[in-house]
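Chemist: Have a look at the structure that comes next, please.
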Amino acid sequence: MSILIIEDEKKLVDIIKIALKGERYSVDEAYDGKVGLDKAMKNNYSLIILDIMLPKKNGFTVCKELREHQIHTPIIILTARGSEGDRIMGLDLGADDYLVKPFGIKELLARIRAILRRRKTTDENIVKYADLVMDKKKHEVTRAGITTPLAPKEYKLLDMLLSNHGEAISRQRLIEHAWGPDFKEKNNELNVHIRYLRKKIDGNKPLIHTIRDVGFILKE
């Protein structure tokens, strides 16, 4: 499991990293809010540890923008700002927990474990890449926070591409997933449905790309 720490106190980051790696988490870090937001938008993390008082972009803004873009990665706010108003604001903006400095490292690890246990049941229903999110339980797809209705075949094709993002998927594999193993393509049905799908989700930042003589791939 990978955890992102967005914190400008390097010594504190180093202490947390040692503790997390001791629990076999992989760790990434960012020392200002702008870089942290960019990493959280592009990469799939299991959890984010977020300070409030950050250079370039404060933690409240980072939390708010992540939730607005349908990034549902669990967030623990870790800050010296412990007033009731700050706690309420952080939780209302979408944070999953709020821990005030100074804190015990064992308590932080316990809170991380508790949040990840709660997330296990929902993570398997949500597949995301960049700002594209598929909620399989709701049968809903959003891009940059905007819900995009898909036809059944389009949904199945996107399911295969999104669940295997970064991997070239052959035409035959896509056809079998969307139409079944006995389907014989006659009228470029796959190309037609991929074209419809692109119109609905690609926008100004295409994610679905053609791999010549192979099939298609979903990537930035």
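Coordinate-derived values only; no laboratory data. For clarity, every value in this text was computed on a predicted model and none was experimentally measured. Positions of Cβ are backbone-derived with ideal geometry, glycine not excepted, and every protein chain shown enters the neighbour counts.
Chemist: Given the options Ala110, Ala144, Ala130, state which has the largest fluctuation in a GNM of the chain using a 10 Å cut-off (strictly under) for Cα springs.
Modeler: Of Ala110, Ala144, Ala130, the Gaussian network model singles out Ala110 as fluctuating most.
Chemist: If you take the charge dipole of the chain about its Cα centre, with +1 on Lys and Arg Cβ and -1 on Asp and Glu Cβ, which of Ile217, Ile5, Gly104 is farthest toward its positive end?
Modeler: My answer, from the dipole projection, is Ile217.
Chemist: In deg cm²/dmol and to the nearest 500, what is the mean residue ellipticity at 222 nm of the chain if only DSSP H runs of at least 4 residues count, each as -39500 (n - 2.57), divided by the residue total? Let's see the in-between values first.
Modeler: Values: 8 runs with 95 residues, N = 220.
So the calculated ellipticity at 222 nm is -13500 deg cm²/dmol.
Chemist: Another question, then. If you place +1 on the Cβ of every Lys and Arg, -1 on the Cβ of every Asp and Glu, and leave all else neutral, what size is the dipole of the range 123-220 about its Cα centre, to the nearest 20 Debye?
Modeler: It comes to approximately 320 debye.
Chemist: Calculate one ³J(HN,Hα) per residue across the range 127-143 by plugging θ = phi - 60° into the Karplus curve 6.51 cos²θ - 1.76 cosθ + 1.60, and present them in order as whole Hz with x for glycine and proline.
Modeler: My calculation for the range 127-143 gives 10, 9, 8, 6, 9, 9, 10, 10, 9, 6, 5, 8, 6, 10, 10, 10, 10 Hz in order.
Chemist: OK, next. Of the listed values (1) -0.27, -0.44, -1.04; (2) -0.20, -0.33, -1.08; (3) -0.20, -0.34, -1.20, grab the one calculated as log10 I(q)/I(0) by the Debye sum over Cα atoms at q = 0.07, 0.09, 0.16 Å⁻¹ from the structure here.
Modeler: (1)
Chemist: Hydropathy first: keep DSSP H helices in the chain averaging at least 0.0 on Kyte-Doolittle, then drop any whose Cα extent along the axis falls short of 15 Å, and list what survives.
Modeler: Once both thresholds are applied, what remains is 10-22.
Chemist: Lys/Arg Cβ at +1, Asp/Glu Cβ at -1, dipole of the chain taken about the Cα centre: which of Ile194, Val133, His72 is farthest positive-ward?
Modeler: Ile194
Chemist: Kindly rank 83-89, 64-70 from highest to lowest mean number of other beta carbons found within 10 Å of each residue. It would help to have the intermediate numbers written out before the result.
Modeler: Values: 83-89: 12.4, 64-70: 17.3.
The packing order, highest mean first, is 64-70, 83-89.
Chemist: To continue, here is another question. Please identify the trypsin sites (Lys or Arg not before Pro) of the range 130-182 that satisfy two criteria: DSSP loop assignment and at most 12 other Cβ atoms within 10 Å. Which are they?
Modeler: Answer by residue number: Lys137, Lys138.
Chemist: Something else: What is the dipole size for the chain, taken about its Cα centre, with +1 at each Lys and Arg Cβ and -1 at each Asp and Glu Cβ, in debye to the nearest 20?
Modeler: 360 debye
Chemist: Give me the one-decimal nm value for the distance between modelled label points at Glu68 and Phe103, 7 Å along each residue's Cα-to-Cβ direction.
Modeler: Computed distance between label sites Glu68 and Phe103 equals 2.5 nm.
Chemist: Next up: Can you count the Lys pairs in the range 2-123 whose Cα atoms are under 18 Å apart, with each pair 8 or more apart or on different chains?
Modeler: Number of lysine pairs found: 23.
Chemist: Provide the FRET efficiency to the nearest 0.05 for the Arg24-Ser83 pair, computing r from the beta carbons and using R0 = 45 Å.
Modeler: The computed FRET efficiency comes out at 0.80.
Chemist: Taking amide H positions as placed in the peptide plane 1.01 Å from N, state which residues far from Ile5 in sequence (5 or more) or on other chains have amide H under 5 Å from it.
Modeler: Asp28, Glu29, Ala30, Ile49
Chemist: If you stretched the chain out fully between Ser2 and Glu176, how much longer would it get, using 0.36 nm times the residue separation minus the C-alpha to C-alpha distance?
Modeler: Length difference between fully extended and current span is 59.3 nm.
Chemist: Which of Thr147, Gln172, Phe183 sits farthest toward the positive end of the charge dipole of the range 127-218, with +1 on the Cβ of Lys and Arg and -1 on the Cβ of Asp and Glu?
Modeler: After comparing all options, I get Thr147.
Chemist: Run down the lysines and flag those whose C-alpha is under 21 Å from the C-alpha of Lys153, throwing out any fewer than 8 positions away in its chain.
Modeler: Hits, sequence-local ones excluded: Lys128, Lys136, Lys137, Lys138, Lys184, Lys186, Lys199, Lys200, Lys219.
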